[in-house]
Amino acid sequence: YTLKAIEIDEKAFGPDHPTLATDYNNLAQILQAMGELEEAKKYTLKAIEIDEKAFGPDHPTLAIHYNNLASILQAMGELEEAKKYTLKAIEIDEKAFGPDHPTLATDYNNLAQILQAMGELEEAKKYILKAIEIDKKAFGPDHPTLAIHYNNLASILQAMGELEEAKEYTLKAIEIDKKAFGPDHPNLAPLYNNLALILQAMGELEEAKKYILKAIEIAEKALGPDHPTLATLYNNLASILQAMGELEEAKEYTEKAIEIFRFNMKERGGGLYFLRMIDNMLKKADISLGLGEDIEEDLKKLATEVWQMHKLALNGFLNIEESSYLLAYFAELILKYSKKEGKKIDENLIKDSLDWKNIYNYKPFRDFLEMGGVAGIREKLKTEGVMEKIQQKIETFREIQDLDKKNLPE
């Protein structure tokens, strides 16, 4: 329908009319939600080009487009570029509305999210506190916008390891939304989910389970059985149950999540559901391994899926950070499987499915290993001598006979 609107408006107004910019912006948002990030970026840039010609470089409409472009770039893992465009939006909005306008609070919130993704947590905290200060003055202390900011601040504090304070701000957000919308509103589901994750990080697993079940109850009523949000909640419940040692139940919820993401991938398309499905397939294999099951067949299937994911990420169709995380998770699963009860991995498992030359020369993956990877995977590689074994294995693969060993991570 958006493409129909573009066709009509182009005939009616010509290719450079601001109405087309609005249409392109709308299409970009849809494409972003579908995970088609390169296309989303292309149409947002078209919108920017049209509105810059029509209104000049300092018009507030440009700030909206810059924020949307930054969101797409963030999803693509291009964080420096995302930061650059958000700062452009801030500059425009500050000139247009002054330093205390709620629009600036939105910009500061967006910048904080990008800075958090970049690991610049102190800076992220500074900007989210600015957003809180502006919106508290503009709307009062009980406005739902404050709940959003408190939730985002809690996420930053959690990343900083300040869990008690993160818990405090999440509870503030819950209190605001309960008053504003009632106890069963869908807005409460993500807040209960986030509180559960904080409690899980604090080791309070029974409390974490209680709140994630609250989130699931609300989401099931509000969203229906096939909604991807519900799959995310099932995934998080599975993680809590796994940490509690309740592996059979954890596996059951992981399987539920996989089916929902697979359904949404077929019905709606988009790379995000593909990533979430792989994440849960990896988790299911991990749980099955913990239950003492042989997961070689699961790993063979996963190798194909992970390689497809890797190629899509290299071509800009999937989030690079998340695909790198899943790649590292898969690598760790292979290591865990190969060591469990002295099992030796079948080299054909990864020989034809994963191009190790590309993976080990793939900077985001190397950076991920530098950062510690999944549960400190790099430290495991160093201390357990696994990397040497992997390098020996790599040398036997026909695809990488010309591999420059200097390009391997230390």
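The values are calculated or read from the model by the stated rules, or taken from the named source; none is laboratory data. Only a predicted model underlies this, so the values are computations on that prediction, with no experimental measurement involved. Using ideal geometry, Cβ is built from the backbone for each residue, glycine included, and neighbour counts are taken over all protein chains shown. Heads up: the accessible areas ignore ligands, DNA and RNA and are worked out on the full protein's heavy atoms, side chains in. Shrake-Rupley method; radii C 1.70, N 1.55, O 1.52, S 1.80 Å.
Stretch Phe139-Ile8 to full length: gain in nm at 0.36 nm per residue minus the Cα-Cα span?
Working: separation 131, 0.36 × 131 = 47.16 nm, distance 3.98 nm.
That pair, Phe139 and Ile8, stretches by 43.2 nm at full extension.
For the residue pair Phe97 and Glu122, what label-to-label distance in nm results when each label sits 7 Å from Cα along the Cα-to-beta-carbon direction?
2.9 nm
Give me the accessible area per residue for segment 1-158, probe 1.4 Å, as a whole number in Å². Mind dumping the intermediate values first?
On the way: 7430 Å² over 158 residues.
Dividing the accessible area of segment 1-158 by its residue count gives 47 Å².
Roughly what would the spin-label model give for Lys336 and Ala201, points 7 Å off Cα along C-beta, in nm?
Placing both labels 7 Å beyond Cα along the Cβ direction yields 2.1 nm.
At R0 = 60 Å, how high is the FRET efficiency between Thr304 and Asp16 if r is their beta carbon distance? Nearest 0.05 is fine. Can you show the working numbers first?
Values: r = 46 Å, r/R0 = 0.76.
For R0 = 60 Å, the calculated efficiency reads 0.85.
How long is the gain from Lys221 to Lys42 if the chain were fully straight, where each residue apart is worth 0.36 nm and the alpha carbon distance is subtracted?
Details: separation 179, 0.36 × 179 = 64.44 nm, distance 3.74 nm.
60.7 nm is the gain from fully extending Lys221 to Lys42.
What Kirkwood radius, in Å to one decimal, follows from the Cα pairs of segment 185-239?
Details: mean 1/r = 0.0931 Å⁻¹.
When all Cα pairs of segment 185-239 are included, the Kirkwood radius is 10.7 Å.
Which distance in Å, rounded to a whole number, links the C-alpha centroids of segment 183-201 and segment 1-32?
Using only Cα atoms to place each centre, the spacing works out to 37 Å.
Once phi is turned into θ = phi - 60°, what whole-Hz ³J(HN,Hα) does the Karplus curve with 6.51, -1.76 and 1.60 give for every residue of segment 133-144, x standing for Gly and Pro?
4, 5, 6, 5, 5, 6, 10, x, x, 10, 7, x
On a C-alpha basis, how far is the centre of segment 230-250 from the centre of segment 143-165 in Å? Whole number, if you could?
Segment 230-250 and segment 143-165 have Cα centres spaced 24 Å from each other.
Suppose the chain between Leu87 and Leu129 were pulled fully straight at 0.36 nm per residue; how much longer would it get relative to their current alpha carbon spacing? Spell out each step's value before the answer.
Working: separation 42, 0.36 × 42 = 15.12 nm, distance 1.67 nm.
The Leu87-Leu129 span can extend by a further 13.5 nm.
Rounded to two decimals, what is the ratio between the C-alpha radius of gyration of segment 209-323 and 2.2 N^0.38 Å? If you can, show how the numbers build up before the last one.
Values: Rg = 14.5 Å, N = 115, 2.2 N^0.38 = 13.4 Å.
For segment 209-323, the normalised Cα radius of gyration comes out at 1.08.
Under a plain spin-label model, where a point goes 7 Å from the Cα along Cα-to-Cβ, how far apart in nm are Glu164 and Lys53?
6.0 nm
P(r) tail for segment 63-144, what percent of Cα pairs lie past 18 Å?
39 percent
Could you give each residue of segment 252-267 its phi-based ³J(HN,Hα) in whole Hz, using Karplus coefficients 6.51, -1.76, 1.60 with θ = phi - 60°, and x for Gly or Pro?
Ordered by residue, 3J(HN,Hα) equals 4, 6, 5, 4, 4, 4, 4, 5, 5, 5, 5, 4, 5, 5, 6, 7 Hz.
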